[in-house]
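Novice: Quick one: the structure is below, and I'll ask about it shortly.
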Amino acid sequence: MRWLVARRGFRARLGAIIVKEVLQLGRDRLTFAMMFAMPIMQLLLFGYAIDTDPHRLPAAVIAADQSQITRTVLSALANTGYMNFTRRPTSEEEANALLQRGEVQFVVTIPSDFTRRLVRGERAQILIDADATDPLAAANPLAAAGPAINQALARDFVGPLAGLRNKADAVELVVQRRYNPEGKARLNIVPGLLAVILTMTMVMMTALAVTRERERGTMENLLAMPVRPIEIMVGKIVPYIVIGAVQVTVILLVARLLFDVAVEGSLPLFCLGTALFITVNLAIGFTISTLTQNQLQAMQASFFMMLPSILLSGFMFPFRGMPAWAQWLGEALPATHFMRIVRGVMLKGADLGDVSAELIALVAMLLIVSTLAISRYKVTLD
C-alpha cells in the first residue's frame, strides 16, 4: 500500500515538474523558436546552398587569334560547365586587374600565332591564369580543361591538320595558379578563419555584456546617468575593439610563425578593414542585446548570426558555387566582405582600389546596424 502511494506521489511530482518546464519554455518564445529554426536553417543551407564543385565561374578571355580553331577551344572550355566567359579584356594588364579584384576566376589567353603554329606542325600553347586563393574552386575546372580542348580539337583537325589528331602534345595547356601556386589549403583557410573568429567573439561578447547588466540590475545605474544612447553604445563597444585588436595580433603572429602566412599587401589597409569589421560585429552584438531579455537568448541569437557567417561567406565552401539566392544572403553578411578584404590583402597584395567596394559595403552596414541599435536602445529606455 505504501509502495502504491509513493508511486502515485512520484508520478504527480514528476508530472508537475514536466508541466512547469513546458509552460516556462512556452513563455520563452525566442528559445522555443530557435529549437526549430536552427535545424531547419542548417538543412536548407547544407541541402541547397553548399556546393563543393562550383560551375559557371566567371572567366575572361584574351583571344589574339580569331580563327575557327580558337572558337572551338573557347566553346570546349565553356561546355565543361566550369567557365563562363563574362569579360574580354583588351590587354594583359586589364586581365591581371580583374584577377586582382576577384571579378574573374580565370583568364584564358590564346596567342596570335596559335593557329599558325598548328598548321606548321609545331606545338601551340594556351595559357590559363587561375585565381588559386581558393584551391577547391580552381582544381576541377583546370583538370577538365585539357581533355575538353583535345576532344573538341580532334573534330577540327581535318585536311592539312588531320595528322594532329593522334598527336597528344599538339596543344600545350600552360596553367599558372596565381597567389597560391602550390594549392595550400591553409593559405585560404587561415585568413578566412580570422573573419570567423572575430564574428564569433565580437558579436557574442557585446550581446552578453549588455544583457548581463540588465540581469544584474546595473542597467538602472546607466539609465540614471546623464548620458545619451549613442554615448552608452560607444562606451560599451570601445573596450571590445581593443580586445579584437589583440585577437587579430595573436592570430597574425600564429599564422606567420606556424603556417607561414604573411600579409603581402598594405598593413594599414588591413588594419582599416579589420577595424571596420570589428566595429560592425560589435554593433550587431549591441543590437542583439536590445532584442533579447537574458544572456541565454543573447547567446542563441548570436549563434543564429554565426552559422550563416560560416557557411555563406565563402569560408568553408566556394562562394561562387552557391545558388544566386544564397549569394545574395552572403552579400548581406559582414564576414563575406571582410573575407575578401583580408584574402586580397594577405594573399594578393591588394591595394585600396582593389578592395574599395568591400570597404564601402562594411561602412554601409555599420551605419545601418548602428542606427538600428540606437533606435532599439531608445525603445528599451522607454
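Novice: Between residues in the range 108-133 that are in the same structural domain as residue 68 (by TED's automatic domain parsing) and surrounded by fewer than 22 Cβ atoms within 10 Å (Cβ to Cβ) and residues that are in a loop (DSSP other than H, G, I, E, B) and small (Gly, Ala, Ser), which pairs lie under 7 Å by C-beta distance while being six or more apart or on different chains?
Specialist: Here the result reads 111/64; 112/64; 115/67; 123/170, each pair linking the range 108-133 to a residue that is in a loop (DSSP other than H, G, I, E, B) and small (Gly, Ala, Ser).
Novice: Check 262, 245 and return the single one that is touching a helix residue (DSSP H, G or I) at 6+ places or on another chain (Cβ under 9 Å), of a type in the set (A, V, I, L, M) and not in a helix (DSSP H, G or I).
Specialist: 262
Novice: Do we find a residue being touching a Ser or Thr at 6+ places or on another chain (Cβ under 9 Å), modelled with pLDDT of 85 or more and either crowded, with 18+ Cβ neighbours inside 10 Å or not assigned by TED's automatic domain parsing to the domain that holds residue 118 (or both) anywhere in the range 215-237?
Specialist: We begin by selecting, within the range 215-237, every residue touching a Ser or Thr at 6+ places or on another chain (Cβ under 9 Å); these are 219, 229-230, 233, 236-237.
Applying the additional criterion that residues be modelled with pLDDT of 85 or more yields none.
No: zero hits.
Novice: Go through (1) assigned to a loop (DSSP other than H, G, I, E, B); (2) buried (at least 16 other Cβ atoms within 10 Å of the Cβ); (3) of a type in the set (Gly, Ala, Ser) and name the single condition residue 78 misses.
Specialist: Here residue 78 clears every test but (1).
Novice: Sticking with this structure for a sec: Assuming residue 264 fulfils every condition listed in (1) at pLDDT below 90; (2) under 21 Å from residue 306 (Cβ atoms) apart from one, which condition is it?
Specialist: It fails just one condition, (2).
Novice: Of 330, 265, 349, 314, which residue is in contact with a Gly (Cβ under 8 Å, 6 or more places away or on another chain), at positive phi and surrounded by fewer than 23 Cβ atoms within 10 Å (Cβ to Cβ)? Spell out how you get there, then give the answer.
Specialist: On the way: 330 fails: at positive phi; 265 fails: at positive phi; 314 fails: surrounded by fewer than 23 Cβ atoms within 10 Å (Cβ to Cβ).
Of 330, 265, 349, 314, the one residue that is in contact with a Gly (Cβ under 8 Å, 6 or more places away or on another chain), at positive phi and surrounded by fewer than 23 Cβ atoms within 10 Å (Cβ to Cβ) is 349.
Novice: Starting from the range 74-95, take each residue that is within 18 Å of residue 145 (Cβ to Cβ) and list its partners that are of a type in the set (Lys, Arg), counting only C-beta distances under 9 angstrom and pairs at least six apart or across chains.
Specialist: Pairs found: 81/56; 82/56; 83/56; 84/56; 95/87.
Novice: Is it true that some residue in the range 7-14 is modelled with pLDDT of 80 or more, loosely packed, with under 11 Cβ neighbours inside 10 Å and more than 27 Å from the chain's Cα centre (by Cα)?
Specialist: no
Novice: Restricting to the range 284-306, what's the tally of residues that are closer than 10 Å to residue 214 by Cβ and touching a Gly at 6+ places or on another chain (Cβ under 9 Å)?
Specialist: 1
Novice: Moving on. Report, by residue number, each residue of the range 317-347 that is assigned to a loop (DSSP other than H, G, I, E, B) and either touching a residue at least 40 places away in the same chain (Cβ under 8 Å) or outside the structural domain of residue 280 (by TED's automatic domain parsing) (or both).
Specialist: Scanning the range 317-347 gives 317, 318, 322, 323.
Novice: Okay, next question. Considering each of 162, 138, 143 in turn, give the residue that is surrounded by fewer than 17 Cβ atoms within 10 Å (Cβ to Cβ), in a helix (DSSP H, G or I), at pLDDT 85 or above and out of contact with any helix residue (DSSP H, G or I) (no Cβ under 9 Å at 6 or more places or on another chain).
Specialist: One residue alone meets the criteria, 143.
Novice: Please determine whether any residue of the range 93-106 is part of a helix (DSSP H, G or I), more than 17 Å from residue 129 (Cβ to Cβ) and at pLDDT 80 or above. Talk me through it step by step, then tell me what you get.
Specialist: Initial filter on the range 93-106 (part of a helix (DSSP H, G or I)): 93-101.
Now restrict to residues that are more than 17 Å from residue 129 (Cβ to Cβ): none.
Within the range 93-106, not a single residue is part of a helix (DSSP H, G or I), more than 17 Å from residue 129 (Cβ to Cβ) and at pLDDT 80 or above.
Novice: If you check residue 279 against the conditions, is it at pLDDT 85 or above, in the same structural domain as residue 363 (by TED's automatic domain parsing) and within 20 Å of the chain's Cα centre (by Cα)?
Specialist: For residue 279, the condition - at pLDDT 85 or above, in the same structural domain as residue 363 (by TED's automatic domain parsing) and within 20 Å of the chain's Cα centre (by Cα) - is met.
Novice: Residue check, residue 196 against (1) within 19 Å of residue 362 (Cα to Cα); (2) aliphatic (A, V, I, L, M); (3) outside the structural domain of residue 287 (by TED's automatic domain parsing), all met but one. Which one?
Specialist: (3)
Listed here are the residues, each with its yes/no results for (1) under 18 Å from residue 336 (Cβ atoms); (2) assigned to a helix (DSSP H, G or I); (3) of a type outside the set (Gly, Ala, Ser).
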position: 253; (1), (2), (3): no, yes, yes
position: 268; (1), (2), (3): no, yes, yes
position: 272; (1), (2), (3): yes, yes, yes
position: 277; (1), (2), (3): yes, yes, yes
position: 281; (1), (2), (3): yes, yes, yes
position: 289; (1), (2), (3): no, yes, no
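Novice: Given (1) in a helix (DSSP H, G or I); (2) within 27 Å of residue 187 (Cα to Cα); (3) of a type in the set (A, V, I, L, M); (4) out of contact with any helix residue (DSSP H, G or I) (no Cβ under 6 Å at 6 or more places or on another chain), identify the lone condition not met by residue 45.
Specialist: (4)
The values are calculated or read from the model by the stated rules, or taken from the named source; none is laboratory data. All values derive from a computational prediction rather than experimental measurement. A quick note on method: Cβ atoms are made from the backbone with ideal geometry, for glycine too, and the neighbour counts reach across all protein chains shown.
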